[in-house]
Structures are given as structure tokens and as C-alpha cells.
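The values are calculated or read from the model by the stated rules, or taken from the named source; none is laboratory data. Because the structure is predicted, anything quoted here is derived from the model rather than measured. Using ideal geometry, Cβ is built from the backbone for each residue, glycine included, and neighbour counts are taken over all protein chains shown. What goes into the accessible areas is simple: the full protein's heavy atoms, side chains included, and nothing from ligands, DNA or RNA. Shrake-Rupley method; radii C 1.70, N 1.55, O 1.52, S 1.80 Å.
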Amino acid sequence: MHTNLKRTLTKECINKVGEMVKVQGWVKKIRHLGNISFIVLRERTGELQCVLEGKLAGVIIETESVIEVIGKIVPTNNTVLGVELLIKSVKVLNKNDLLPFEVNKKEVNTGLENLLNHRVLSLRHEKIASIFKIKATLEEAFREYLINMDFIRIFTPKIVSQGAEGGANVFNLNYFGKDAFLAQSPQFYKQMMVASGLEYVFEIGPVFRAEEHNSSRHLNEYISLDLEMAFIEEYEELMELETQVIKFMFEKVKEKNENELKLLNIEMPTITDIPKLKLHEAREILKNRFKKEMPEGDLNTEGEKLIATYIKETTGSDFVFITEYPKENRPMYTMPAENGLTKSFDLLFKGLEITSGGQRIHEYEMLVASFREKGLDEENFQNYLNTFKYGVPPHGGFAIGLERLTAKLLGLTNVREASAFPRDINRLTP
């Protein structure tokens, strides 16, 4: 009976009144009321109320079991969708085992570690699933904006011979008897692709940091939204571009994820111009207003949060660019400025650094000198350095940490919540 029916999605049922349909999904709830039972079936496009009458009423099915129901779509005033399904047959495709926690309540009452240990199950909760729908929109919008700006998407190696920042925070691996590393950034390759004549390039992909942090801010593998562009005049152009990119990303979320934002009770920030503070100005504010001394040449975690508080109070902005970091606190490829500073910036969002960027050195001799100044042996970076012998235009770029951006936008307390399967100092599974 009706074996030739194709699967119908919940969102399609409103246009199928009076028709026989086949719907497949998970049992979210089941209620028995005498000679009638109700199943709320959940699948990726929504929830559908299904009614069992007569002999079918009272059927025993565990929540979170996967089922297939066939029946007629009828109108009703008792559901948000305005229709329900009168079941003619029900088939259990896969029954559920004992749940480690309840996923069909308004909130999941268990700790983050338990949620991450049973990630597939926790992702079924509508609020947790909403995080990843919004995260997907942010990535999609980043890509869309840059493609519309004539950027070309590139794909660069994640197994490399050297770290892109010259530090020790790289994961080592044996590559057929040779030493290799997991890429901590696509930086070298972004610049090489700019130099190839593509000029405007971007990449979306994983990066790896072997940092022994065990905090709510750090992941050892995360998704980086990277771009690099040629023929810039000053690094301020990059900050203006990032402002426009984030505006577009947030507009797309408002447009596409209205239901998810409502479910999570999130009000999207309004972005006009993002305020800018030179690092030394930020340090002075922290010293004079908050009586806080910062480490030389940088802001610590507390400093970033306090500056965010100050900017919010004085400008209303959730964002602030911090500019002109000293040379000793920036990678060797960063373009120097006057007085030992650099043409560089970080972007803080609600007190958390989500971006690092700046203008790059494009002249071979200057770049080699910078490597030597950092104590790096240029012989180990010849493939990269040789690029700059062949005519490289002035250029610069930045990278946005997707999980950090998502976490701060949605008010998550731990960046791991914005990663489906996070990798941190302790977690290698699932």
C-alpha cells in the first residue's frame, strides 16, 4: 500500500492537504489519550503532528527512534503548521536505546562535557542545532561577499614543511620519514597566490595550533576565514573591508536565521563604523581608567574585556580595532611602521579577539631582514622567500576565527559550544 510514495518533508506538508504522504524522521514526543495517540515527528525542516486512531492508538515507540509514517494530511487549528497527518501505517526504521540525557526538553540539563561526549545526540536539540545553522550562514555569507568582490577561493596544503609564524605552536608529524607540520595558517600560500597574479584570494578551512591552553577561548583546531588582497595602499583598507564583510555576514544571518535567532533569544548587533584604538591608547585607558597594567606590547584577556566595556560605554559598539602592535609581537611578514611598530590590527568582538590582520612585507630584502631579526633561518623558508624575488605587489589580509565569531555572536560561554566536534588539549574524540 502506497509503496511508491517518495519522502515528503514537513515544510512541504502545508501544500499537500488531502493527499497521502510518506514522512520520515525522529520521534520527538508521543502522547496517549485513550483511543487516540499523538506523535510529534521531527526532521530537518520542522516538526509534524501525527495522529494515531483505532488499532494504531497506544503504539509503544521510544522517543528519538527513527520512524516512517504514511497517512493523509488534513487541516487543523491545533498546530503552528496548520496541518497534521492522520497515520494509516507506521514503521520503526531504527529504535532508540537508553538516552544519556533528555534532548526534547526546552533546555538540556547536563554539562558541556557530557554534551560533547554524546555530540550526535546533543545536536538534535533545537537550540544547539541552531548554533550550527547560524555558523553555516556566517561562512556562506563570508564566501558570498568576497566572490561578489571578485575574490577567488583557493585551497592550500594543511601538511607543510614549516610553520607560517615561525613559532613552536605547531603539530609535528612524520611525513614518509621527513619532519612535517599541520598548518597553523594558510598565510604563506595566501601571499604566494596573490603573487601569482590572482591578486584577490580567500580560503575557508581548518588551522591547527599546538597551544597548551585549557580555556573557554581556545581550540587546537578551528575554522579560519582568511583573505589576502593585492595593491593596497594602506592597511586601513583592510579594516574597512572587514567592517563591510561582517556587516554583510550579520545581515545574512538576520535574513536567513530569523527562527534560530528567536529561539536563542539573540538580538543582532548593529554595525556602522567600527571604532579604532592604537595599542598604546588602549594601554593608557586600561592604566588610567581601570588601574590595570598590560604585558609589554599586547593586551591580555582581562585587558581585552575591559577595553570592550569601555568602547561599548563610550560608542555603543560591540567591536573595536586595536592597531599598531610592536614588531616583536607580530609575525616576521608584517609590514613595519615608524617607531618599532607595525601596520597591523586585531579586531575584538565583545572582548574577544576574533581577527588578526595587517599589511605584509612585499620586498625580498626587507623580508629576509625581518626573518633574521626574528632569529629565523631563511634557508628553511626558501620556497616562500623566493616568491618575493619575482615581483610581489603591496598586499595585506586578515583571518577571522569562525568559532569565536559564532560564540560571541550567540553569547556562548565556551568556544567549544560553537564546534561540532571540538579539538582541545584533552579532547580527541568523538
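Here is a check on your reading of the model: is PHE398 in contact with a strand residue (DSSP E or B) (Cβ under 9 Å, 6 or more places away or on another chain), among the aromatic types (Phe, Trp, Tyr) and farther than 18 Å from ILE134 by Cβ?
yes
On inspection, LYS22 qualifies as basic (Lys, Arg), in contact (Cβ under 8 Å) with a residue 12 or more places away in the chain, open to solvent by less than 40 Å² (accessible area, probe 1.4 Å) and more than 16 Å from LEU81 (Cα to Cα). Summed over region 10-40, the residues that are over 35 Å from the mean Cα position of the chain (by Cα), polar (S, T, N, Q) and part of a strand (DSSP E or B) give a count of 1.
Here's the yes/no breakdown for (1) open to solvent by less than 40 Å² (accessible area, probe 1.4 Å); (2) out of contact with any Lys or Arg (no Cβ under 6 Å at 6 or more places or on another chain); (3) within 21 Å of THR406 (Cβ to Cβ); (4) not in a loop (DSSP other than H, G, I, E, B):
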| residue | (1), (2), (3), (4) |
| --- | --- |
| ILE70 | yes, no, no, yes |
| PRO100 | no, yes, no, no |
| LEU116 | yes, yes, yes, yes |
| SER130 | yes, yes, yes, yes |
| THR137 | yes, no, yes, yes |
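Close contacts from region 219-242, counting a first residue that is polar (S, T, N, Q) and a second that is assigned to a helix (DSSP H, G or I) and open to solvent by less than 10 Å² (accessible area, probe 1.4 Å), with Cβ to Cβ under 9 Å and a gap of 6+ residues or different chains, come to SER224/LEU402. Quick check: anything in region 184-201 β-branched (Val, Ile, Thr) and under 20 Å from the mean Cα position of the chain (by Cα)? Yes. The number of residues in region 18-43 being under 13 Å from LYS88 (Cα atoms) and among the charged types (D, E, K, R) comes to 2.
Annotation for region 15-30: at least one member residue is among the polar types (S, T, N, Q), modelled with pLDDT of 95 or more and closer than 20 Å to ARG124 by Cα. Among the residues of region 1-40, what is the count of those that are in contact with an Asp or Glu (Cβ under 7 Å, 6 or more places away or on another chain) and closer than 26 Å to GLU260 by Cβ? Looking only at that region, the number is 8. Those strands (runs of 3 or more DSSP E) of region 326-421 in which at least 2 residues are surrounded by fewer than 20 Cβ atoms within 10 Å (Cβ to Cβ), considering only elements entirely within it, cover 352-359. Within region 166-201, how many residues are assigned to a helix (DSSP H, G or I), closer than 23 Å to GLU379 by Cβ and not small (Gly, Ala, Ser)? Number of matching residues: 6. Of these, ASN148, ASN172, ASN96, which one is open to solvent by 60 Å² or more (accessible area, probe 1.4 Å) and at pLDDT below 95? That would be ASN172, the only listed residue that is open to solvent by 60 Å² or more (accessible area, probe 1.4 Å) and at pLDDT below 95.
Give the residues of region 87-108 that are under 21 Å from ILE36 (Cα atoms) and touching an Asp or Glu at 6+ places or on another chain (Cβ under 7 Å), sorted by residue number. Listed by number, the list holds a single entry, LYS91.
Taken together, VAL92, VAL170, VAL160 contain a single residue that is over 23 Å from the mean Cα position of the chain (by Cα) and under 18 Å from ALA399 (Cβ atoms), which is VAL160.
Within region 106-126, being of a type in the set (Val, Ile, Thr) and touching a Phe, Trp or Tyr at 6+ places or on another chain (Cβ under 7 Å) holds for VAL108, THR110.
Among the residues of region 48-63, those that are open to solvent by less than 60 Å² (accessible area, probe 1.4 Å) and out of contact with any helix residue (DSSP H, G or I) (no Cβ under 8 Å at 6 or more places or on another chain) comprise GLN49, CYS50, VAL51, LEU52, GLY54, LEU56, ALA57, GLY58, VAL59, ILE61, THR63.
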